[in-house]
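S.K.: There's a structure below that I have some questions on.
Quick note: the coordinates plus some simple rules give every number you see, no bench work behind them. Please read all numbers here as calculations on a predicted model, not as lab measurements. Heads up, the Cβs are rebuilt from the backbone with ideal geometry, glycines too, and the neighbour counts pull from every protein chain shown.
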Amino acid sequence: MKICVYGAGAVGGLLAARLAQGGHDVSVVARGAHLTAILKDGLRLASEGKQTATRLRANNDPEKLGAQDCVIVAVKGQSLPEVAAGIAPLLGDTTTIVTAMNGVPWWFFDRLAFGGGRLHLESLDPGGALSRAMPTGRIVGCVVHLSASTPEPGLIRHNMGNRLILGEPGGRNTARTAAIVEALKQAGFEAEASAFIEKDFWVKLLGNVSFNPVSALTLATADRMIANGYVKDYMVAIMRECLAIGRAVGVDADIDPEARMDMARKLGVFKTSMLQDMEAGKKLEIDGLLTGTLEIAKKAGVAAPFTESLAGLARLRAESTGQYK
């Protein structure tokens, strides 16, 4: 399979390296020092106690890479407008676009019964630019249950987990989903197809919408947030609001917030992706996690005061350091 990973950061770089090692024709869209390092020394991967270097095509100009069988979009939400502006040269008549990212995807309402496919998340896709560049008919959603980091340009460190859940919007899976799941399995991932990918996104969102922004505010690792009774109760309240929002639009995550806390507790000491971005001075993924969730709440008529307060605090904190606009 000819695959381009658009955004070869922590998760995208891990996917690219493993798929290339599995024999696929893999290229990456990258930029800056990361691109320079990949071109010089290959895409280096530290995983399971060993380090490998994989030579693959890398460029900051998608036009130089040509049409693909599959494009994996593995960027933070704030980088999606750049992807929409540049992805066209990678798309042939049958190219699949896999969205491997956190938060609410811009296409969330497109195949849901709620709203009859007429609702649009303007906060995530202003003017519909993402939808035009990456139409729902090409999309396979991917929920990522693993952790990776980029300790230096050109190097991906795989920290924990291998699970990937994939599915087409509204549960209408076709052969494209099966082919990608199989490719990822052969690359060493615990990949599986979902009959309702929107639910899987929402299950992941419960943790992301609470742990990520709170960690950016407190600069605390997950174990410390859980150990603080006030903070833990605040995050549970946000999870409960998130559950109610999902249920109101027909997406029931069907998980108890206390059980979700137990899942995080078992992982021990770890930094959320947003805390890593905060410490690195990168832009924070606030809209995909919080703003989009609150827009859904408004459309569904669900009150979410705890989530609103967290959104306000997280935005102001990030604005103060130039990490959100």
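S.K.: If you average the sequence gap of Cα pairs under 8 Å that are 6 or more apart and divide by the length of region 1-87, what percent do you get for the contact order? Present the calculation step by step, with values, prior to reporting the outcome.
M.R.: Details: 138 pairs, mean separation 31.7, N = 87.
Relative contact order comes out at 36 percent.
S.K.: Where the centroid of each part is defined by its Cα atoms, how far is region 223-249 from region 1-44 in Å?
M.R.: Centre-to-centre distance over Cα atoms comes out at 35 Å.
S.K.: Only helical DSSP H runs with n ≥ 4 go in: add -39500 (n - 2.57) per run for the chain, normalise by residue count and round the 222 nm mean residue ellipticity to 500 deg cm²/dmol.
M.R.: Numbers: 12 runs with 137 residues, N = 325.
Only helices count here, giving -13000 deg cm²/dmol.
S.K.: Given the convex hull of the Cα atoms of region 183-325, what is a quarter of its surface area in nm²?
M.R.: With the hull built on Cα positions only, its mean projection is 9.5 nm².
S.K.: How long are the three semi-axes of the equivalent ellipsoid for region 1-151, computed from the Cα gyration tensor as the root of 5 times each eigenvalue, in whole Å, largest first?
M.R.: They are 28, 16, 14 Å, listed from largest to smallest.
S.K.: Considering Cα pairs under 8 angstrom that are at least six residues apart, work out the relative contact order of region 228-325 and quote it in whole percent.
M.R.: In percent, rounded to a whole number, it is 34.
S.K.: Computed from the coordinates I sent, mean projected area of the Cα convex hull in nm² equals one of (i) 20.6; (ii) 15.0; (iii) 18.7. Tell me the label.
M.R.: (ii)
S.K.: Same structure again: Among DSSP beta bridges whose residues both lie in the chain, state the antiparallel percentage, nearest 5.
M.R.: 35
S.K.: Exactly which GluC sites (Glu not before Pro) in region 36-126 are in a DSSP loop and have at most 13 other Cβ atoms within 10 Å?
M.R.: Values: sites: Glu48, Glu63, Glu82, Glu122; in loops: Glu48, Glu122.
When the GluC sites (Glu not before Pro) of region 36-126 are filtered for loop state and at most 13 Cβ neighbours within 10 Å, Glu48, Glu122 remain.
S.K.: Something else about it: For the chain, what is the relative contact order in percent, using Cα pairs closer than 8 Å and at least 6 residues apart in sequence?
M.R.: Working: 615 pairs, mean separation 50.8, N = 325.
Computed over the chain, the figure is 16 percent.
S.K.: While we're on this one: How many percent of DSSP beta bridges within region 1-138 run antiparallel, rounded to 5? Before the final figure, lay out each step's value.
M.R.: Working: 5 of 22 bridges.
Bridges in region 1-138 that DSSP calls antiparallel: roughly 25 percent.
S.K.: With respect to the cross-link table entries Lys2/Lys64; Lys266/Lys325; Lys185/Lys271; Lys232/Lys325, which display a Cα-Cα separation exceeding 25 Å?
M.R.: Pairs exceeding the cut-off: Lys266/Lys325; Lys185/Lys271; Lys232/Lys325.
S.K.: Taking region 141-223, which trypsin sites (Lys or Arg not before Pro) meet the DSSP loop condition and have no more than 16 other C-beta atoms within 10 Å? Present the calculation step by step, with values, prior to reporting the outcome.
M.R.: Numbers: sites: Arg157, Arg163, Arg172, Arg176, Lys185, Lys199, Lys204; in loops: Arg172.
Filter output for region 141-223: Arg172.
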